[in-house]
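Asker: Before anything else, here's the structure in question.
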Amino acid sequence: METKAARRSPAVLLTTWCTTRAVLLLCVFKVYVFPGPDVTSDVSVTYRGWYEVLRHGTFPLDDVTWQYPPAAALPVLSPAALPFLSYEHAFFVLAFLADLAVLALLLYAARRPDRSRRGAWTWVAAVPLLGPTVYARYDVMVTAVAVAALLAGARHPRAMGALAAFGALLKVWPALLLAGAVRRRSWAAAAVTAAALAVLFAVAMPGAFAFLTFQRDRGTEVESLGSLVFHVARHFGWDGQVLLNYGSIEFLGPYVDQVSTAALALTGAGFGWLLLWRLRASRFAPQTLPDAAFTAVLLFTVTSRVISPQYLVWLIGLAAVCVTHRASRMGAPALMVALASFLTVLEFPLGFTHVVLSDWYGITLLVLRNGLLVAATVTAGRSLWRATVPPPVSAPFPPQATRAQETPVSP
């Protein structure tokens, strides 16, 4: 029989979600003005501008800030589904509904005997730590697709593959959800879905893959791991600049190309480790799929030339799916990601001026936040390896009697 505490738990969870999300909505609707730069300007200015172009059947080819795969047009156009609201308000409501969808998926998954509500609690508690940025970017919508894909993975591999491919055409990173997929049906469904959608967008809307060229020329964003080199170097005479470039605040100047190249090399090394893990792994359990996806996206995030605040939404969603499994070993990395989310809101938007100026407060926030993400990556990778890769088998020692017989006797 279900205890009173067990019955109360969902009520507490839902009350917490309703309270925290009401605060987020009040912030994006500007009933309460969140301190720092206006995080909603991406929706009211950038997304709205893209919307005006996209609704005429073409991608914004003259705007280098359009750096997304073709299916990203769908969330940008989605406010048209709520014509009785302004563009901005409709977008915030849809982001809120995507947040609710993730919670519903995690609660549904928690009903199985080998699962728990830890994942739902992780989502409920960690998302508001990022502040209103969560509802002012379309990443929460992509995360909802990724969570649905991972939760479908064990029983519905074709659905998992199709959702992962659709997510990849929304924002690339969900392709990494397949890192731990062992069923061919998942990969086949992903390939067929990706090819069909790519052809559809290429035929229907000109410039579907122009974003690949725009991404190539990016610099080092001021919140990335590599940016710490220049934050410190500015105090020792480095004469580069901090400018708005390709839609984000980036370092431009001497040695930036070298640091950006090093970041790409680290990403390559991370993918190399992931490939080695996949070749060596032989013990696959139900939790391996989300654990591998979480580890892969952590690797991609920490080695990227850009670590935008909304990237943490991806990590929270994947961490939540991991800890939904009782047998998952990702509890410590999930906690680190939650702490990194709190530090993220301190640096953006609250302390972004300090970050741009590279003062010691801004540098300290970035060192702590990025340090937590690196620690989460290393911990997740080690846990994944230990759980799935069998240790090398060493030759057994011969019995004592045999060793005594083999010992030569001195004359």
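Asker: Over the chain, average the accessible area per residue using a 1.4 Å probe and give it in Å², no decimals.
Answerer: 46 Å²
Asker: From the Cα gyration tensor of region 98-248, with a ≥ b ≥ c the square roots of its eigenvalues, which class applies: rounded if a/c is under 1.5, or else prolate if a/b is larger than b/c, or else oblate? Write down the numbers at each step before the final one.
Answerer: Numbers: a/c = 2.35, a/b = 1.38, b/c = 1.70.
Oblate, because a/c is 1.5 or more while a/b does not exceed b/c.
Asker: Which one, His235, Ala263, Ala164, projects farthest toward the positive side of the charge dipole computed for region 163-311 from Cβ point charges (K/R +1, D/E -1)?
Answerer: Highest projection toward the positive end goes to Ala164.
Asker: Could you tell me what a quarter of the Cα convex hull surface of region 325-388 works out to, in nm² with one decimal place? Kindly include the intermediate steps, with their values, before the conclusion.
Answerer: Working: hull surface 18.4 nm².
Dividing the Cα hull surface by four gives the mean projection, 4.6 nm².
Asker: For a quick check of your reading of the filter: which chymotrypsin sites (Phe, Trp or Tyr not before Pro) in region 25-89 sit in a DSSP loop and have no more than 14 other Cβ atoms within 10 Å?
Answerer: Qualifying residues, ordered by number: Tyr32, Phe84.
Asker: A further question follows. Could you compute Rg(Cα) / (2.2 N^0.38 Å) for region 223-343, with N its residue count? Mind dumping the intermediate values first?
Answerer: Values: Rg = 17.1 Å, N = 121, 2.2 N^0.38 = 13.6 Å.
Rg over 2.2 N^0.38 Å, computed on Cα atoms: 1.25.
Asker: Please give the residues of region 263-285, grouped as numeric ranges, whose backbone N is less than 18 Å from a label point set 7 Å along the Cα-to-Cβ vector of Val393.
Answerer: Under 18 Å, as judged by backbone N against the label point of Val393, lie 280-284 of region 263-285.
Asker: Still on this structure, please answer the following. Return one number: the angle in degrees, 0 to 90 and rounded to the nearest 10, between the long axis of the Cα atoms of helix 184-204 and the longest principal axis of the Cα atoms of the chain.
Answerer: 20 degrees
Asker: Now a separate question. Could you tell me how many degrees, from 0 to 90 and to the nearest 10, lie between the Cα long axis of helix 288-302 and the main elongation axis, the longest principal axis, of the Cα atoms of the chain?
Answerer: The angle comes out at about 60 degrees.
Asker: Say each of Arg183 and Ser116 gets a label point 7 Å from the Cα, pointing the same way as Cα to Cβ; how far apart are those two points in nm?
Answerer: Going from the Arg183 label point to the Ser116 one covers 2.6 nm.
Asker: Another one. Using only the alpha-carbon atoms of the chain as identical scatterers, what base-10 log of I(q)/I(0) does the Debye formula give at q = 0.11 Å⁻¹?
Answerer: Treating every Cα as an identical point scatterer, log10 I(q)/I(0) equals -0.84.
Asker: Measuring from label point to label point, each 7 Å out along Cα→Cβ, what is the Asp62 to Tyr32 span in nm?
Answerer: Taking the two extended label points, one gets 4.2 nm.
Asker: To the nearest 10 degrees, how steep is helix 331-345 against the longest Cα principal axis of the chain, on a 0 to 90 scale?
Answerer: 30 degrees
Asker: Then there is this: Express the carbon and sulfur contribution to the solvent-accessible surface of the chain as a percent, rounded to the nearest whole number, probe 1.4 angstrom. Working shown, then result.
Answerer: Values: 12700 of 18990 Å².
Of all accessible area on the chain, carbon and sulfur atoms account for 67 percent.
Asker: Additional query: What distance in nm lies between label points placed 7 Å from Cα along the C-beta direction at Leu244 and Trp385?
Answerer: The two pseudo-label positions are separated by 4.4 nm.
The values are calculated or read from the model by the stated rules, or taken from the named source; none is laboratory data. Please read these numbers as outputs of a predicted model, since none were measured by experiment. When we count neighbours, we look across all protein chains shown, and the Cβ atoms used for this are built from the backbone with ideal geometry, even at glycine. Calculation scope for accessible area: heavy atoms of the full protein, side chains included, ligands and nucleic acids excluded. Shrake-Rupley method; radii C 1.70, N 1.55, O 1.52, S 1.80 Å.
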